[in-house]
Amino acid sequence: MTWLRNLIHVGSSSINPRTRNTSLLFLPTSLKHFTSEPNLQGSSSNIPRYSGLEPTKPDEKPRIVVLGSGWAGCRLMKGIDTNIYDVACVSPRNHMVFTPLLASTCVGTLEFRSVAEPIGRIQPAISRAPGSYFFLAHCKGVDTDNHVVHCKTITDGAKNLEPLDFKISYDKLVIASGAEASTFGIQGVKENAIFLREVSHAQEIRRKLLLNLMLSDVPGVLDEEKKRLLHCVVVGGGPTGVEFSGELSDFIIRDVHQRYAHVKDYIHVTLIEANEILSSFDDSLRIYATKQLTKSGVRLVRGVVKDVKSHKVILNDGTEVPYGLLVWSTGVGPSPFINSLQLPKTQGGRIGVDEWLRVPSVQDVFSIGDCSGFLESTGKPVLPALAQVAERQGKYLADLLNRIGKAGGGHANGARDIELGDQFVYKHLGSMASIGRYKALVDLRQSKDLLRCY
């Protein structure tokens, strides 16, 4: 797919290691859509405080508001016909992350800019069209009765910037805010572990890994402390955990053994999984992956993490695993924002949608990606939280909204009597996972006879 190839091209913007946002924010080309209210902070400044985007008028293009900039939201924005709609994207990051290659950036196989694409390049209208915008902000709530979303700007802790509250009126709302890493309520995970879902996480992993290598080479550091500093523990044996373990083992074999000869015998990788690694893959592929990882020096431990301390992981059988770097990759679950929405939910807490990815009981609201799932009433299973699911949903919904817009139903409450056409149908094309040493697995679900190891 051309759009997918474009997404992984190296972006022209550089990534500042001190921030998670990898492209410069643009200035809106027009402010005619904004409402404003006087400065209420007692300041002598006459600069107005913009409170948001007004509802569109009948003679204006209808507005689609997209919450999120992941696979689903970006594929949707890529496919939206901006001759029909204005697009407003609200997200805490102004780029999309090509997550399958994120593990490779942790050890320098790829640079960070290679896996991040600015939103303005995915949908150029956001940078150029007068009525389309990107807002670096969190969505705080959705008023479905009045077709309004309430947002708060992100300042990344800058002391001289105060977060601003604003609202955006929408004609069509697409909730594609994704999910967050699951910690299962285990104490100490958020404080001590690093997740692998954003560019900033990969930057932190690389920084911590190199720092530990340098510290372990300092004279006077005891052997026991060297072993701890250079023990990399990965919790979670899914594709992300396995791919990162493979990349890390390659880094140790190819780089650490040559450049850090004094500590090469101390560095190790341990992968902790409660059940089988790559549980969604075929049995023969799991066995192959286990053999290859073991051959690469990755130690596989079966166990359930009970507690996480600053320097060690405690398993449910009492085993203590000291670590210098802890990466947590145990799947995803609904975010606090999704939990706060008063919308129909699936049993797993996702936003419930019908066969056309609409949220029932409210008008003009759709949901796609990891934050959504089919309601039980549809008779369809909840789809896995995979990039290919999100990408397929984004493409389908873009086509659907374009058809609605062409039929004159783009404005709020304008699509009640419009025929929606075919329902969304997902066909799984298979799964892939790299396991290091230039080897990978491919599981083609539709034909178990075509399983391949490379």
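Computed quantities for the displayed model
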| quantity | calculated |
| --- | --- |
| For segment 311-316, 3J(HN,Hα) per residue [Karplus equation, 6.51 cos²θ - 1.76 cosθ + 1.60, θ = phi - 60°, Hz, x = Gly/Pro] | 10, 8, 10, 10, 8, 5 |
| Cα long-axis angle, helix 199-216 against the chain (0 to 90 degrees, to the nearest 10) | 20 |
| Segment E111-E320, extension gain: residue separation times 0.36 nm, minus the distance between their alpha carbons | 71.8 nm |
| Size descriptor, Kirkwood hydrodynamic radius, that averages inverse alpha-carbon separations across the chain, Å | 23.8 |
| For the chain, with +1 on Lys and Arg beta carbons and -1 on Asp and Glu, the positive-most of G348, I404, Y426 along the dipole | Y426 |
| Kirkwood-based shape ratio for segment 221-324, expressed as Rg/Rh from alpha carbons | 0.99 |
| Residue-wise HN-Hα coupling along segment 321-328, computed from phi with Karplus coefficients 6.51, -1.76, 1.60 (Hz; x: Gly, Pro) | 10, x, 8, x, 9, 10, 10, 10 |
| Segment 118-160: C-alpha gyration tensor shape, a/c 1.5 cut-off, then a/b vs b/c | oblate |
| Residues whose placed amide H lies under 5 Å from that of A415, excluding near-sequence neighbours | none |
| Amide N of segment 388-427 lying under 12 Å from the label point, which is placed 7 angstrom from the Cα of N83 along Cα→Cβ | 406 |
| Surrounding net charge for D354, when Lys and Arg each add one and Asp and Glu each subtract one, Cβ distance under 14 Å | 0 |
| Proximal charge balance of G394 [Cβ under 13 Å; K/R count +1, D/E count -1] | +1 |
| Within the chain, percent of DSSP bridges classed antiparallel, to nearest 5 | 50 |
| On Cα atoms only, tilt of 387-406 relative to the major axis of the chain in degrees | 10 |
| Theoretical FRET efficiency, 1/(1+(r/R0)^6), r = Cβ-Cβ of L420 and K190, R0 35 Å, to 0.05 | 0.25 |
| Segment T99-I253, extension gain: residue separation times 0.36 nm, minus the distance between their alpha carbons | 53.0 nm |
| Estimated [θ] at 222 nm from DSSP helical runs (n ≥ 4, -39500 (n - 2.57)) normalised by residues in the chain, nearest 500 | -6500 deg cm²/dmol |
| Distance from segment 369-390 to segment 275-295 (C-alpha centre basis), Å | 26 |
| Distance (nanometres) between label positions extended 7 Å along Cα→Cβ at L211 and A387 | 2.8 |
| The chain - percent of accessible surface contributed by carbon and sulfur, probe 1.4 Å | 51 |
| Cα-projected label distance for K159 with K291, points at 7 Å along beta-carbon direction, nm | 6.0 |
| Counted charge near S216, where neighbours are those whose Cβ lies closer than 12 Å (Asp, Glu -1; Lys, Arg +1) | -1 |
| Relative contact order [Cα under 8 Å, 6+ residues apart], the chain, whole percent | 17 |
| In degrees, nearest ten, helix 239-251 long axis to first principal axis of the chain (Cα) | 50 |
| Relative contact order (%) - criterion: Cα under 8 Å, at least six apart; region: segment 205-345 | 31 |
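The values are calculated or read from the model by the stated rules, or taken from the named source; none is laboratory data. Bear in mind the structure is a predicted one, so any value in this text is a computation, not a measurement. Positions of Cβ are generated from backbone atoms using ideal geometry, with glycine treated the same way; all protein chains shown enter the neighbour counts. Remember, those area values only see protein heavy atoms, side chains included, never the ligands or the DNA or RNA. Shrake-Rupley method; radii C 1.70, N 1.55, O 1.52, S 1.80 Å.
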